[in-house]
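Comments concern the structure below.
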Amino acid sequence: MKIAVMPGDFVGKEVIAEGIKVLDVVAAKFGFTYQRTDYPFGAEHYLKTKITLPDSALKELAAHDAILFGAVGADPRGNAEIPQGLIETDILLKMRFELDQYINLRPTRLLPGVPTPLKYSGEIDMVIVRENTEGLYCQNGGFLYKGTKHEVANQIEVTTRHGVERAIRYAFDYAKQFGRKKVALVAKTNVLRYAHNLWMRAFEEVKADYAGIETGYDHVDACTMYMITQPKRYDVIVTTNMFGDIITDLGAAIQGGMGMAASGNLNPTRQAASMFEPVHGSAPDIAGKNLANPIATFLSVAMMLDFLNQPAAAKAINDACKAVVSDVKNHTKDLGGNATTSQVTEAVLKAIG
């Protein structure tokens, strides 16, 4: 298998280095090999070269089986040379859109021993399927009279039957494959009466093909309440690009924070590479201090291996992470502990055996 590695900036470089250690150990243990290609793109690379992500590199990335991505982003404390949003848009969103990674898959699972801000002692185990290439993130819009008191800004949502239906169908297929009982649509049909009417009609039509799977619908504002007060209400959620961006970070918070949150940006057709990443950002404030929680990276590596048909290796990583975080001595600062990045990595490697 061919894996592209893009560590990015700040703690992205640190956690991806630890993730490669875990990947190498399970490769040796479970008898598979992989070819690795490293790519330097990110804010630091842009400052040196004024290059974000050239089309030639994008073509190379597409030819891989998967991309392991760290985090990109400039230090917000001062980088006037980098226009706002340039790195995220020209690297992260460009890969998602150009490689047609139309599913953002976000497991939201509270592992035993991990603190949650909720006054809740039950199981939290939901999966959020976010449509990843449409909606308000298509950069479809512009300005009139910019910089004047009559300025007008338009940001136009793009919603297609093709994009909506394939996201909904993926959610149902995922539920069927992994024994999930319910798929809920989260949208805002009472106000967004055109785009989200399309979502609802497509959902009603697609669900007819999946007998035995319970379905439901919640407005996004109600969903944010239920995720806090009734997290067991949800099994699989399918939602729009922007709403998915919001509720997945809420999901990260209730599962222990961004350091526990893994993700996959998937092209289920496998016609171009899928990308797997921890979602905590580049965190320049803790970079170089051996403080970053690497668990989200390890869980992202496990997601990647599942996608690449290495389920035993993926399970070994997931089981090791679950065992390690159950012991408070392995909690990093974000979980209220004192463990370092390298200490957590060593514990996971030992647990894998």
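Could you run through segment 1-17 and say how many residues are outside any strand (DSSP E or B), touching a residue at least 40 places away in the same chain (Cβ under 8 Å) and farther than 16 Å from residue 303 by Cα?
So the answer is 6.
Name the single residue, out of those in segment 36-70 being touching an Asp or Glu at 6+ places or on another chain (Cβ under 9 Å) and of a type in the set (Val, Ile, Thr), that is surrounded by the most Cβ atoms within 10 Å (Cβ to Cβ).
Filtering first and then ranking leaves 67.
Within segment 259-275, how many residues turn out to be under 27 Å from residue 228 (Cα atoms) and either in the same structural domain as residue 231 (by TED's automatic domain parsing) or hydroxyl-bearing (Ser, Thr, Tyr) (or both)?
Matching residues across segment 259-275 total 1.
Quick check: anything in segment 178-186 closer than 30 Å to residue 95 by Cα, of a type in the set (Lys, Arg), out of contact with any Asp or Glu (no Cβ under 7 Å at 6 or more places or on another chain) and modelled with pLDDT of 95 or more?
no
What's the number of the condition residue 103 fails, among (1) touching a helix residue (DSSP H, G or I) at 6+ places or on another chain (Cβ under 7 Å); (2) in contact (Cβ under 8 Å) with a residue 40 or more places away in the chain; (3) farther than 29 Å from residue 231 by Cα?
For residue 103, the exception is condition (3).
Going by the conditions given, is residue 324 in contact with a strand residue (DSSP E or B) (Cβ under 9 Å, 6 or more places away or on another chain) and not assigned by TED's automatic domain parsing to the domain that holds residue 140?
no
The values are calculated or read from the model by the stated rules, or taken from the named source; none is laboratory data. Quick caveat, the model's predicted, so the values are computed rather than measured. Note: ideal-geometry Cβ built from the backbone for every residue, glycine included; neighbour counts use all protein chains shown.
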